[in-house]
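The values are calculated or read from the model by the stated rules, or taken from the named source; none is laboratory data. Keep in mind the model is a prediction, meaning the values are calculated, not measured. Positions of Cβ are backbone-derived with ideal geometry, glycine not excepted, and every protein chain shown enters the neighbour counts. Keep in mind that these areas ignore ligands, DNA and RNA; they rest on the heavy atoms of the full protein, side chains included. Shrake-Rupley method; radii C 1.70, N 1.55, O 1.52, S 1.80 Å.
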Amino acid sequence: VQLQASGGGLVQPEGSLRLSCPASGRATRSGVMGWFRQVSGKEREFVASINFSGVRKNYADSVKGRFTITRDNAKNTVYLQMSSLKPEDTAVYYCGINKVGNFYQRSADDYYAWGQGTLVTVSS
């Protein structure tokens, strides 16, 4: 299984973007899904995670209050709504599936199904 993130692009500071990550039903039944981002030369870092029902959400401090993770299980899709974007949000964004359904895990090693990410560039 590989998840294909989409929706990235070039946006000005304080702008908004919504990323999407469709997955097969089998994949999403695992429960917890997450968004991560990576800048060239750096480790992939946690952005947000969401449990199967969509009620519980977990955010990195750097995006709390600006990003919102949601999911539509009928469409087997997870979204990341990004607002008030900053230049430091520039990265390739990936979505993944937590290996054991642990909502609190924030390491990229605890997720799988990484596909090709989507590039978000925040610049004026």
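Within the accessible surface of the stretch 1-73, defined with a 1.4 Å probe on protein heavy atoms only, the carbon and sulfur portion equals 46 percent. At a probe radius of 1.4 angstrom, the accessible area of the chain per residue rounds to 51 square angstrom. Per-residue ellipticity at 222 nm from helix content only, as computed over the chain with -39500 (n - 2.57) for each DSSP H run of at least four residues, stands at -500 deg cm²/dmol.
FRET efficiency for the pair Q116 and Q81, taken as 1/(1 + (r/R0)^6) with r the Cβ-Cβ distance and R0 = 22 Å, rounds to 0.60.
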